[in-house]
1. Mind checking the full-extension length gain between His385 and Asp546? Use 0.36 nm per residue of separation minus the Cα-Cα distance, one decimal, nm.
2. Which is farthest toward the positive dipole end of the chain among Tyr569, Ser595, Ile255, measuring Cα position about the Cα centre, with Cβ charges +1 (Lys, Arg) and -1 (Asp, Glu)?
3. When the expected Rg is taken as 2.2 N^0.38 Å, what fraction or multiple of it is the alpha-carbon Rg of segment 214-314?
4. Summing -39500 (n - 2.57) over the DSSP H runs of n ≥ 4 in the chain and dividing by its residue number, what mean residue ellipticity at 222 nm do you reach, to the nearest 500 deg cm²/dmol?
5. For segment 586-665, how big is the tail of P(r) above 21 Å, as a whole percent of Cα pairs?
6. How far apart, in nm, are two points set 7 Å out from the Cα along the Cα-to-Cβ line at Thr311 and at Lys331?
7. Å³ per residue of the Cα convex hull, for segment 355-465?
8. Find, among the trypsin sites (Lys or Arg not before Pro) in segment 533-628, those assigned to loop by DSSP (not H, G, I, E, B) with at most 14 other beta-carbon atoms within 10 angstrom.
Amino acid sequence: MKIKYLLGIVALIISVSMSAQDKLFTLEDLNFGGKNYANLRPQNMWLTWWGEKLIQTDVEECYTIDTRTGKKSLLFTLEDINKMAGSNDESYVRHLMNARFPYPDKPIVALGNRKAFILLDFETKNIVWQDSISGQEANDWNSVSRATAYVEDNQLYVVDGEGKKHQLSTDGSRDIVYGHSVHRNEFGIRKGTFWSPKGNRLAFYRMDQSMVTDYPQVDIFPRSATYEPDKYPMAGMTSHKVTVGVYDVKTEKTIYLQAGDPTDRYFTNIAWSPDEKTIYIFELNRKQNDCRLVSYDAESGEKIVELYHETSDKYVEPQNPILFLPWDETKFIMQSQKDGYNHLYLFDVSGKELKQITSGKWVVLNVVGFNTKTKSILILSNEAHPMNSNLYTVNIKNGKRRLMGKGIGVVQSAQPSASGQMVALKLSSYNHPRFIDIINTNGMGKVTDLLDAEDPWKEYQQPIYESGSIKAADGTTDLYFRMVKPHDFDINKKYPTVIYVYGGPHAHNVDASWHYASRSWETYMAQKGYIVFILDNRGSENRGRDFEQATFHQLGQIEMQDQMTGVEYLKKQPYVDMNRLGVHGWSFGGFMTISLMTNYPGIFKVGVAGGPVIDWKWYEVMYGERYMGTPQDNPDGYAKTSLIDKAKNLKGKLQMITGYNDNTVVPQHCLSFLDACIKAGTQPDFFAYPGEEHNMRGHASVHLHERITQYFEDFLK
């Protein structure tokens, strides 16, 4: 009886377990634009530092967290804050998610509301400062001077800490752009204003794009469609001219750095000296094969000295400003790939290279900060494995590195305390959606666990996620792949298989994070009975200079060779139905999709190419010329990589999708390929999203991925 009873209990448990995992996903669950997407994300905590105190910010509460025990204590509530702010309106400050603590030694919280940006002393319960320009374009606030730079009606302004408004420009327009990102966000540029450390001076970009050709975008939503052109400098064509201004808040004077003629030059990675007297900039020629680190006098604009010069027979690509050592204002750290991998170098302010701090066949992925007590630098790197991202401390003096934390998976974010002696670390591994740990970066790196998130998909029927490696087409280089299989995978069955591809620079698809970084759409496809295969070919990121630059002047060619080694791998798997092989990608991946279908006709039965580059001569100057040169200098490369003359090779079913107002890969690409197909007699399908740009936003993304899925359902399955 006991045995039968126990067997019954076991059977009941198994039955309940199976039924609990029988829920099926919809795109409303999986897609970021979906109605239920937020509920199926891994559990998270929003953290920030108040000096050495860790703070959890939430919608209605802020807590302090004991970094040794993880214990939380209430600091204040949203109701408290609105009372302190003297407002009877409970939504004066609407939430505390973005609360910041800009002064390590003061009980002051920085908050934005619908009317202003405020600093509130939560001990005296008073607003100690506020401005009234919250929400303007390119808003950039300095915590020391409390001055704010912003753009309004194309003009650049500064409001100082006393509330006085300074107008820095009068000629701002669509043609003359102030205070915004330039060079189309290449070279690590993400903004256009740069405060000196104490906020006494502001460096800013001025971009003259009056000479740049307009691309004729159209807004179709008014009854009479309106012309809304974009400034779009195509490869080999006239580009914009950028200069760097410096505004002194005290003297109210603006000077421009005397960098010479800005024609066909790029200025990037602006950095300030700690004493605010000097500005450092990386300068590149248009070919992007000559890079110089130059210093300028911030008062006069005069050039001081060229500190560093790097050249390449392909390209040099600075992505990070220099960083001064917090304990020694005469020395700074520079990042470079000059030895083949991105590493750290120590320089003095005269430009003398003192030492290479890190070295090895691995990549410094990011500089997190400094530990000022141990005089070490905190970095993320993939030293442990190319698919990993882990936290290390690096001793500046002797170069010794120490792995911090669990040493697994991929770090999603790393937030150092004011001294860098502690770091709040978020990471995931292939079988864990998220860990949050506090790492003591002194000594051996003691870990305090804050969160081990449960699987938010535990009630759903989940695919099988696998990862492995194959050799590249060169026969020696390791390439890493991910394979997603249906939950009830049967090795004796044949499955339709879709290759998802990107393949371009500054991106990768496969790593050691949750589900090996699988995109949610892959889960949706596996649920419908497909295998999805993803391979990071040569040309993708984080594998070193030569790995990425293998594609120089011939984009798509090496990448296709590597992707076809993936096809050969699939051929050897008994469960892959090679008669039902598909391919899909977006942007560079759209280019790869059509490249594969037209260069290897008959291999792929179905393809879906989103936002595809068709001919690199229609792509923008900075990105396009870095990898392809100009059409004038590299005519053979442009001819080889163009898909126009390959339209005649198209076999199988191809759907192209574009945002009708795509300002990244302009619609000319898709339309020109359609024209070539008409002339060649081939029959692609085409779909456009009115009003959308390069990537579908909001709920349109759900529609997009249902459309992609249905195309494979209709023609591959």
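1. Values: separation 161, 0.36 × 161 = 57.96 nm, distance 1.76 nm.
Taking 0.36 nm per residue and subtracting the Cα distance, the gain is 56.2 nm.
2. Tyr569
3. Details: Rg = 18.6 Å, N = 101, 2.2 N^0.38 = 12.7 Å.
Segment 214-314 yields a ratio of 1.46.
4. Values: 11 runs with 114 residues, N = 717.
Result for the chain, helices only: -4500 deg cm²/dmol.
5. On the way: 910 of 3160 pairs.
Value for segment 586-665 (Cα pairs over 21 Å): 29 percent.
6. Label at Thr311, label at Lys331, 3.1 nm between them.
7. Values: hull volume 10.5 nm³, N = 111.
For segment 355-465, the hull spanned by Cα atoms encloses 95 Å³ per residue.
8. Numbers: sites: Arg538, Arg543, Arg545, Lys571, Lys572, Arg580, Lys605, Lys617, Arg626; in loops: Arg538, Arg543, Lys572, Lys605.
Qualifying residues, ordered by number: Lys572.
The values are calculated or read from the model by the stated rules, or taken from the named source; none is laboratory data. Just so it is clear, the model here is predicted, and its values are computed rather than measured. Reconstructed Cβ throughout: ideal geometry from the backbone, glycine too, with neighbour counts over all protein chains shown. For accessibility, only protein heavy atoms count, side chains too; no ligands or nucleic acids. Shrake-Rupley method; radii C 1.70, N 1.55, O 1.52, S 1.80 Å.
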